[in-house]
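Just so you know, all these numbers are worked out from the coordinates, no wet-lab data involved. No experiment lies behind these values; they were computed from the predicted model shown. We place every Cβ from the backbone using ideal geometry, glycine too, and count neighbours over all the protein chains shown.
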Amino acid sequence: MSFPKEFLWGGATAANQYEGGWQEDGKGINTSDTLTNGSHTVARRVTWKNPTTGETGSTPMMFMSGDKFIPEGAIPAVLDDEYYPSHIATDFYHHYKEDIALMAEMGFKTFRMSMNWARIFPNGDDETPNEAGLKFYDDVFDECKKYGIEPLVTLSHYETPIGLTIKYGGWKNRKCIDFFEKYATTVIKRYVGKVKYYLTFNEINVMSWMPYMAGGIIAFSDQAKAQGAHNQFVASAKVVKFTHENYPEIKVGQMLAYQPTYTYTCDPADQILALEREQQTIWYSDVQTGGHYPEYKLKEYERKGIKLDDTPEDYELLRDYSADFLSFSCYGSSTVTTHEVKDNVGGNFVMGVPNPYLKTNAWGWATDPACLRLACNTLYYRYNKPIWIVENGIGWQDKLEADNTIHDDYRIDYLRQNIQSMDDAINKDGVDLMGYTMWGCIDLVSAGTGEMRKRYGFVYVDRDDEGKGSLARYKKDSFYWYKKVIATQGKDLD
Ligand code: BG6
């Protein structure tokens, strides 16, 4: 076992699940601020109000259909009598020094975090940025620098300033390209010398399942989702253009939610289904990293009568300024079949059938270490660009013992096998893997369910599903284990 010397070991977080400070120092409201908590069985909801009639209500955020999933005249809004887990989350805003010190103690080389767009441009379309917001991230990056930790910054992780949704309809409107470009260029310029790696949109392909989370879009039509994705592709290419022309040392990556698709049987019909499932995901990287729309996607648009609001220059931008590297999340695989099988399982957005060879956690996510090696091979050899695993991990209901210890041997087992799989991808397959950031390195709110009990971290945070707890940090057994893994460059996984 050996990882390259420059391999970027670390952990990953997102502002909307970790940062809190939702109304501090001039921050505006963003889409994730309107999401309630939920559970494995109860969906998170988007809350809304009708400014004319005063009526309020909420709608489940996942797997909705229709052109507008909140009532006509209503806008997403924060209501007084609801609980919103992201508002305080696990309060990185006030704990960043302590948290970054913990990351440094583990030996992190990199820390993936996201910037909250509404902290910089509170309404999304403001003339000037909010200096207090910019200052906060200056402080965070300075703290990282102190320990030699390289930040990896996602510019938009499941959040859009709510003003852009209300005034413009979110990312289905081309105006968002300009607003995002202004935001991105403002922060890139500001943090020159402090931040070298950026990702534009977290899991850009989530636009297909949750356009509100991915793009502040309150419509579920195929047309709206296609336009939302197109606008994000163009915005991303503009950011790449900006860095190539001004700061070539800065690298801008794509971020894709990826899980290899397996067939349940060897029936050829199942293989075709798996191919179609794969296409539903990978076309996003064909465009953003590969530089062009694949024919199979254009044919689908033709069949469905989808017409993009586009310009010839869009396609030149996509071709000339594709992403510098491809990062992805991978938690497990999904298994599909055309045959009747009992019980669908959950998983990272794409439903599948149970795979008898794999175990699942309490949320139905199948753990499958082989998927990392498979994903690395598929994605690296499709584009021949460096890749980076920026999310992987396991959600578990950890137990804080009376002596403040947490014995998470299940997490260590999971990570050990996943790191072995990465090692194979590098050393057996020759994949150019830049780094690994374990998801939710310090406990944070679950994106899918809004729960705190679904924990991923090396560090336990005292906070529960009702927002109670001291927010104190405690090291889990996996903290010490990961520290050893990093110190030995992945050689000692025991
Ligand atoms: C990824 C997201 O899809 O999965 C993260 O980028 C998310 O934001 C992670 O937290 C794990 O999902 P969940 O629902 O367990 O939080």
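In the structure shown, do any of Lys182/Lys299; Lys27/Lys146; Lys135/Lys189 have a Cα-Cα gap over 24 Å, and if so which?
Over 24 Å apart, Cα to Cα: Lys182/Lys299; Lys27/Lys146.
Rounded to the nearest 0.05, what FRET efficiency is calculated for Arg319 and Asp25 with R0 set to 45 Å and r the Cβ-Cβ distance?
That pair, Arg319 with Asp25, gives E of 0.65.
Using a Förster radius of 35 Å, what is the FRET efficiency between Ser470 and Lys194 based on their Cβ-Cβ separation? Nearest 0.05, please.
Result of the calculation: an efficiency of 0.65.
Over region 1-158, how many percent of alpha carbon pairs lie in each 5 Å bin up to the one with the longest distance?
So the P(r) values, bin by bin, are 2, 8, 15, 17, 17, 14, 11, 7, 5, 3, 1, 0, 0.
Relative contact order of the chain: what whole-number percent is it, with Cα pairs under 8 angstrom and at least 6 residues apart?
Normalised by residue count, the contact order of the chain is 18 percent.
Compute the distance in nm between two label points, each set 7 Å from the Cα along the Cα-to-Cβ direction, one at Glu82 and one at Glu276.
Taking the two extended label points, one gets 3.5 nm.
Which log10 I(q)/I(0) values does the chain give at q = 0.07, 0.10, 0.11 Å⁻¹ under the Debye formula, counting every alpha carbon as one identical point scatterer?
Each listed q maps to, in turn, -0.33, -0.72, -0.89.
What order, most packed first, do the peptides 10-19, 426-435 have when packing is the mean number of other Cβ atoms within 10 Å of each residue?
Ranking the peptides 10-19, 426-435 by packing returns 10-19, 426-435.
In the neighborhood of Ala487, defined by Cβ-to-Cβ distances under 12 Å, what is the net charge if each Lys or Arg adds +1 and each Asp or Glu adds -1?
+2
What's the local net charge at Thr338, with K and R +1, D and E -1, over the other residues with C-beta under 10 Å away?
Neighbourhood net charge equals -3.
Determine the calculated [θ] at 222 nm for the chain from helices alone, applying -39500 (n - 2.57) to every DSSP H run no shorter than 4 residues and normalising by the residue count; nearest 500 deg cm²/dmol.
That calculation yields -11000 deg cm²/dmol at 222 nm.
Would you please give the FRET efficiency between Lys307 and Val42, computed as 1/(1 + (r/R0)^6) with r the Cβ-Cβ distance and R0 = 41 Å, to the nearest 0.05?
Rounded to the nearest 0.05, the efficiency is 0.65.
Which entries in the list Lys251/Lys307; Lys175/Lys307; Lys109/Lys194; Lys109/Lys241; Lys307/Lys385 go over 24 Å, if you measure between the two C-alpha atoms of each?
In this structure, Lys251/Lys307; Lys109/Lys241; Lys307/Lys385 lie more than 24 Å apart at Cα.
Sort the following peptides by mean Cβ neighbour count (other Cβ atoms within 10 Å, averaged over residues), highest first: 329-337, 268-276.
Answer by packing, highest mean first, reads 329-337, 268-276.
When only alpha-carbon atoms count, how far does region 127-228 stretch along each of its three principal axes, as whole angstroms with the largest first?
For region 127-228, the Cα spread along each principal axis is 47, 28, 16 Å.
Please compute the net charge surrounding Lys182, taking Lys and Arg as +1 and Asp and Glu as -1 over other residues with Cβ under 12 Å from its Cβ.
Charge balance in the 12 Å sphere: -2.
What share of the DSSP beta bridges in region 1-122 is antiparallel, in percent to the nearest 5?
Once the DSSP bridges in region 1-122 are tallied, antiparallel ones form about 75 percent.
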